[in-house]
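Let me begin by presenting the structure, written as structure tokens, before commenting on it.
The values are calculated or read from the model by the stated rules, or taken from the named source; none is laboratory data. Computed from a predicted structure; not experimentally measured. Virtual Cβ from ideal backbone geometry, glycine too; neighbours counted across all protein chains shown. Keep in mind that these areas ignore ligands, DNA and RNA; they rest on the heavy atoms of the full protein, side chains included. Shrake-Rupley method; radii C 1.70, N 1.55, O 1.52, S 1.80 Å.
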Amino acid sequence: MEHWNSTLESGFILMGILNDSGSPELLCVTITVLYMLGLTSNGLLLLVITMDAQLHVPMYLLLRQLSLMDLLFTSVVTPKAIVDFLRSENTISFGGCTLQMFLALTLGGAEDLLLAFMAYDRYVAICYPLNYMVLMRPRVCWVMVATSWILAFLSALGHTMYTMHFPFCTSRKIRHLLCEIPPLLNLACADASRYELMVYVTGVTFLLLPLSVIVASYTLILLTVHHIPSNEGRQKALVTCSSHLTVVGMFYGAATFMYVLPSSLHSPKQDNIISVFYTMVTPALNPLIYSLRNKEVMGALRRVLGKYMLPTHSTI
């Protein structure tokens with residue numbers, strides 16, 4: 001088969017999910033609504049946590065980082081998918097594909113690690129409440145945040161450089177919503193079986209280690225909650241943890257399907273549905289899951305909105 005070496009000039013064609021849909025216009029509207037919801041909800045949560053002094057505690061510092069990651073993650077993928085559909089042009093340059101893959105891997109990896117640190121935060125808050133502000137002091141939180149970003153950055157850089165060094169064949173069609181490792185390796189002319197194994201091992205390690213921290217944290221939390229004497233205290237602890245567990249379930253479920261299941265169990269249609277879920281649906285729902293059931297966030301939202309709306313009413 002003839003190698004395709006003009007990638008810098010020709011780029012790739014992202015087939016995406018819209019063109020294969022039975023009603024692409026309706027799906028495009030749905031994706032647009034999800035994107036606007038993701039931008040609004042994450043942006044509002046970032047604003048509230050930043051502006052309200054009562055939320056300047058470790059739990060919300062980590063939650064602010066999660067909202068930032070979600071906002072950036074969905075912005076890496078969704079606007080291009082919408083614009084490509086409206087312009088009927090699905091091409092992406094070699095450099096653009098490389099950048100999109102790198103950013104998606106960085107943000108996904110950082111969120112993966114951050115969710116584990118958030119589980120540890122809940123463990124300390126419930127199991128060691130008197131020492132919480134010592135064990136989770138600001139410096140420790142920033143080390144957690146920096147660790148998430150740096151490890152994800154290094155992993156994404158290595159995978160992106162190695163994936164894009166392969167020679168690609170004459171078919172430029174990526175049967176996927178975005179530039180990711182599995183669909184791109186399907187276009188490689190060279191033998192990528194060893195690298196696919198490395199991607200699998202890395203994916204399992206990157207997912208299972210944080211997931212083991214989450215499972216261990218919540219096992220200890222449940223044991224502690226079981227011994228809390230008051231029903232109100234148990235309920236408050238469980239409500240706080242349930243939001244995080246819901247987000248963990250959505251994120252790790254999609255990531256496991258994409259990077260842990262063998263390639264023989266994948267199909268382009270399934271991969272596209274999963275990619276829509278973790279790049280569009282999850283970022284839109286995460287801030288709602290955390291805020292709607294959280295009295296502190298809702299109270300801070302009312303205070304921030306009241307602070308900026310009351311002067312406006314007083315001038316009328």
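Helix 231-259: angle to the longest alpha-carbon principal axis of the chain, degrees 0 to 90, nearest 10? The angle comes out near 10 degrees. Each of residue 25 and residue 161 was given a label point 7 Å from its Cα along the Cα-to-Cβ line. The distance between the two points is 4.8 nm.
Decide, for the stretch 59-165, between rounded, prolate and oblate: order the square roots of the alpha carbon gyration tensor eigenvalues as a ≥ b ≥ c, take rounded if a/c falls under 1.5, and otherwise choose prolate if a/b is larger than b/c, else oblate. Cα axes put the stretch 59-165 in the prolate bin. Using Cβ point charges alone (K and R +1, D and E -1), the dipole size of the stretch 119-191 about the Cα centre works out to roughly 160 debye. When the alpha carbon gyration tensor of the stretch 144-271 is reduced to an equivalent ellipsoid, the three semi-axes, largest first, read 39, 15, 12 Å. Helix 282-292 and the long axis of the chain differ in direction by around 10°, with both axes built from C-alpha atoms.
If R0 is 45 Å, the Cβ-Cβ spacing of residue 197 and residue 82 corresponds to a FRET efficiency of close to 0.80.
Straight-line reach from residue 295: which aspartates and glutamates have Cα under 14 Å away, leaving out those fewer than 8 places along the same chain? In chain and number order, the partners are 52.
The length gained by stretching the chain between residue 231 and residue 10 to full extension, at 0.36 nm per residue less their Cα-Cα distance, is 73.2 nm. Modelled spin-label separation between residue 133 and residue 99, with each label point placed 7 Å from Cα along the Cα-to-Cβ direction: 4.5 nm. Counting only protein heavy atoms and a 1.4 Å probe, the chain has 50 square angstrom of accessible area per residue.
Using a 1.4 angstrom probe and counting only protein chains, how large is the accessible area of residue 70 in Å², to 10? Looks like 0 Å² after rounding. Simple spin-label estimate for residue 142 and residue 269 gives 5.1 nm between the two label positions (7 Å along the Cα-to-Cβ direction from each Cα). Principal-axis analysis of the Cα atoms of the chain puts helix 295-314 at an angle of about 90° to the longest axis.
Only helices enter the 222 nm calculation for the chain: every DSSP H run of n ≥ 4 contributes -39,500 (n - 2.57), and dividing by all residues gives -25500 deg cm²/dmol, rounded to 500. Averaging Cα coordinates gives a centre for the stretch 61-97 and one for the stretch 35-49; these two points are 16 Å apart. Computed from backbone phi, the HN-Hα couplings of the stretch 49-54 come to 5, 6, 7, 8, 5, 5 Hz, rounded to whole numbers (Karplus: 6.51 cos²θ - 1.76 cosθ + 1.60, θ = phi - 60°; Gly and Pro given as x).
Between amide H atoms placed 1.01 Å from N, distances below 5 Å from residue 12 occur with 92, 93, 94, all of them 5 or more places distant or on a separate chain.
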